[in-house]
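Structure, as structure tokens:
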Amino acid sequence: MGRQSHVAYLPPRGHQVVLGTAGTGKTVMAMLRALYLSDPGVEGSGKTLLVTYNNALVQYLNHLSRGKSSPDLHIRAYAKFARGYLHSRGLMQGWNVIADADQRRWLIGSAVREIAKKYKPHPFFERETGWFLDELSWITGMGIRTEEDYLSVERLGRKTPLSADLRRVVWKILEKYRADRADNGQRFDWSDIAMTVRDQLSVDESPRLYRHVIIDEGQDLAPEEIRSLVDAVPSDGSVTFFGDYAQQIYGQAMSWRACGLQIKQVETFKDNYRNSSAIANVAIALSSQSLFGKTNDLVPPVAPTASGPLPTLVSCANQEEEISVVQAAAKRLGTVGTVAIVGRTWADVDRVCVGINSRRLKSDQYFWDSTPGIYRTTYHSAKGLEFDAVLMPLCGADKVPLAEVVESLGQDDAAEREAKLLYVAITRAKSELLITHSGGLTPLLPTDDGLFAEVKP
């Protein structure tokens with residue numbers, strides 16, 4: 001890995017930021033640093049938290065650390081860290097104090113309807129509930145605590161404009177939702193729990209549990225979550241942030257610069273050690289499109305030198321033919337390596353895999369196995385993983401971007417987020433990539449000459 005491995009041995013005090021493109025080994029580097037800082041023989045070592053977004057990544061990190069981990073290293077999803085800390089503060093009384101996704105959707109939808117009754121009919125209240133879910137997540141994820149702050153803040157990463165009057169309405173919906181949630185016995189949801197973690201840490205005078213925190217896939221943690229992790233470390237400890245803003249798929253669009261990290265130099269890595277040059281060229285072309293969004297934290301990738309076949313783009317007559325093509329390729333490739341069938345939704349993935357032997361890789365399933373075979377997962381749950389081959393069915397214009405995302409967020413916001421999801425899926429492949437579509441290819445994929453071998457069944 002060359003120079004990249006040196007980040008494992010950066011000083012054990014202060015803040016570090018490591019940015020790199022897909023395939024640069026960030027997750028491996030995060031693990032190496034966690035092992036180093038939790039080693040009792042290392043000066044400045046101590047109890048270390050390696051934290052990431054979801055449980056699929058947690059299990060992958062556990063897989064990487066097998067046989068090497070120490071009792072002073074904890075590998076956690078952020079949600080488990082937050083819940084555990086608040087439990088230690090006596091704030092997790094009962095099993096149902098955190099509203100789950102379905103409860104949250106119902107309560108927010110109800111709050112929108114109740115607030116709408118106080119106004120004349122307006123198209124704003126007819127927006128899909130998903131838009132309100134996303135906006136309230138953005139507010140709490142940014143750590144916005146007052147209506148005044150919400151009225152004055154720039155809504156970074158959100159292309160749909162919102163007037164001051166409508167922001168006031170949104171704030172009333174937020175307050176109504178919180179009141180209804182509390183009446184339902186639920187103090188938190190997973191999007192706002194970090195605010196309470198920070199509040200508690202600000203008054204908690206007991207010794208910090210962790211001396212070091214390493215954040216993997218940090219671009220997908222909300223700013224308030226990252227700030228809480230910074231607050232969780234003592235003054236003689238360290239925080240190391242690993243991220244790739246080309247893979248920022250959860251919509252916060254906030255740089256690490258606003259998350260309480262104080263650094264002198266950003267470590268950047270551009271050399272791709274995972275993908276073949278042909279696969280990397282597709283990812284580079286995708287991330288170069290204007291719809292992909294811009295940020296000062298995007299690291300321009302360098303195409304790797306590893307050779308490999310051109311990615312295959314298969315134009316099919318219908319979705320049934322797509323499924324047949326993908327299943328045949330999966331059976332062939334799965335005998336010699338790891339193959340992931342990756343789709344936009346679980347319904348799509350499960351449908352494509354009917355009748356073949358495949359393992360479901362979901363964020364709340366507690367295993368990871370890299371033996372040859374067929375795996376199935378979604379764009380979101382594939383984050384941070386890698387496979388010898390990736391098969392991406394149902395990439396037609398009617399499927400990507402997802403219609404409900406367009407309805408919730410509008411065409412521009414949806415295009416940017418869905419393009420980044422495609423980027424994530426594409427860059428999971430080490431040597432083989434196959435994409436199928438029917439009824440016209442998604443407009444989000446680049447179609448430059450020479451990127452794909454275009455075929456029909």
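Among the candidates G218, G243, the residue that is under 25 Å from V42 (Cβ atoms), under 20 Å from the mean Cα position of the chain (by Cα) and modelled with pLDDT of 85 or more is uniquely G218.
Looking at T48, T24, which is the one that is crowded, with 23+ Cβ neighbours inside 10 Å, at pLDDT below 85 and in contact with a strand residue (DSSP E or B) (Cβ under 6 Å, 6 or more places away or on another chain)? Quick ask: steps written out before the conclusion?
On the way: T48 fails: at pLDDT below 85.
Just a single option satisfies the conditions, and that option is T24.
Restricted to helices (runs of 4 or more DSSP H) entirely inside the stretch 125-211, those with at least 3 residues that are within 29 Å of G90 (Cα to Cα), polar (S, T, N, Q) and modelled with pLDDT of 95 or more are 193-203. If you check L394 against the conditions, is it in contact with a helix residue (DSSP H, G or I) (Cβ under 7 Å, 6 or more places away or on another chain), at negative phi and not acidic (D, E)? No; evaluated as a whole, the condition is false for this residue. Restricting the stretch 173-189 to residues that are among the hydrophobic types (A, V, I, L, M, F, W, C) and in contact with a helix residue (DSSP H, G or I) (Cβ under 6 Å, 6 or more places away or on another chain) leaves a set whose member that is farthest from P71 (Cα to Cα) is I173. Out of L451, L402, L421, one residue alone is under 28 Å from W131 (Cα atoms) and open to solvent by 10 Å² or more (accessible area, probe 1.4 Å). It is L402. I'd like the full set of residues that are open to solvent by 10 Å² or more (accessible area, probe 1.4 Å) and touching a Pro at 6+ places or on another chain (Cβ under 9 Å), limited to the stretch 27-45. Those that are open to solvent by 10 Å² or more (accessible area, probe 1.4 Å) and touching a Pro at 6+ places or on another chain (Cβ under 9 Å): Y36, V42, E43, G44, S45. In the stretch 193-207, the residue that is least open to solvent (accessible area, probe 1.4 Å) out of those that are among the small types (G, A, S) and in contact with a helix residue (DSSP H, G or I) (Cβ under 8 Å, 6 or more places away or on another chain) is A194.
Just one of the listed residues (T129, T140) is in contact with a helix residue (DSSP H, G or I) (Cβ under 9 Å, 6 or more places away or on another chain) and under 22 Å from A415 (Cβ atoms), and it is T129.
Determine whether the stretch 74-83 contains at least one residue that is in contact with a strand residue (DSSP E or B) (Cβ under 6 Å, 6 or more places away or on another chain) and open to solvent by 50 Å² or more (accessible area, probe 1.4 Å). Yes: the stretch 74-83 contains one or more residues that are in contact with a strand residue (DSSP E or B) (Cβ under 6 Å, 6 or more places away or on another chain) and open to solvent by 50 Å² or more (accessible area, probe 1.4 Å).
Every test in (1) in contact with a Phe, Trp or Tyr (Cβ under 6 Å, 6 or more places away or on another chain); (2) at pLDDT 85 or above; (3) open to solvent by 50 Å² or more (accessible area, probe 1.4 Å) is passed by V336 save one, and that test is (1).
Within the bounds of the stretch 97-106, is there any residue that is open to solvent by less than 80 Å² (accessible area, probe 1.4 Å), farther than 24 Å from L229 by Cβ, among the polar types (S, T, N, Q) and outside any helix (DSSP H, G or I)? No: zero hits.
When R66 is tested against the conditions (1) over 25 Å from V203 (Cα atoms); (2) in contact (Cβ under 8 Å) with a residue 60 or more places away in the chain; (3) part of a loop (DSSP other than H, G, I, E, B), the lone failure is (2). Against the list (1) touching a Ser or Thr at 6+ places or on another chain (Cβ under 7 Å); (2) closer than 24 Å to R181 by Cβ, the condition A101 fails is (1). Residue count for the stretch 258-302 satisfying the condition of being modelled with pLDDT under 75 and of a type in the set (S, T, Y): 2. D369 passes every criterion in (1) buried (at least 17 other Cβ atoms within 10 Å of the Cβ); (2) in contact with a Phe, Trp or Tyr (Cβ under 9 Å, 6 or more places away or on another chain); (3) modelled with pLDDT under 80; (4) of a type outside the set (S, T, N, Q) apart from (1).
When the residues of the stretch 208-239 are filtered to those that are under 21 Å from R417 (Cα atoms) and charged (D, E, K, R), the one that is surrounded by the fewest Cβ atoms within 10 Å (Cβ to Cβ) is E217.
Of all residue pairs spaced 6 or more apart or on separate chains, those with beta-carbon atoms under 6 Å, a first member in the stretch 194-217 that is within 20 Å of Q16 (Cα to Cα) and a second member that is of a type in the set (F, W, Y) and crowded, with 18+ Cβ neighbours inside 10 Å are I215/F241; D216/F242; E217/Y53.
The values are calculated or read from the model by the stated rules, or taken from the named source; none is laboratory data. This one's a predicted model, so the numbers in the text were calculated from it and none came from an experiment. Ideal geometry is used to build each Cβ from the backbone, glycine not excepted, and the neighbour counts take in all protein chains shown. Protein only, heavy atoms only, side chains kept; ligands, DNA and RNA dropped before computing areas. Shrake-Rupley method; radii C 1.70, N 1.55, O 1.52, S 1.80 Å.
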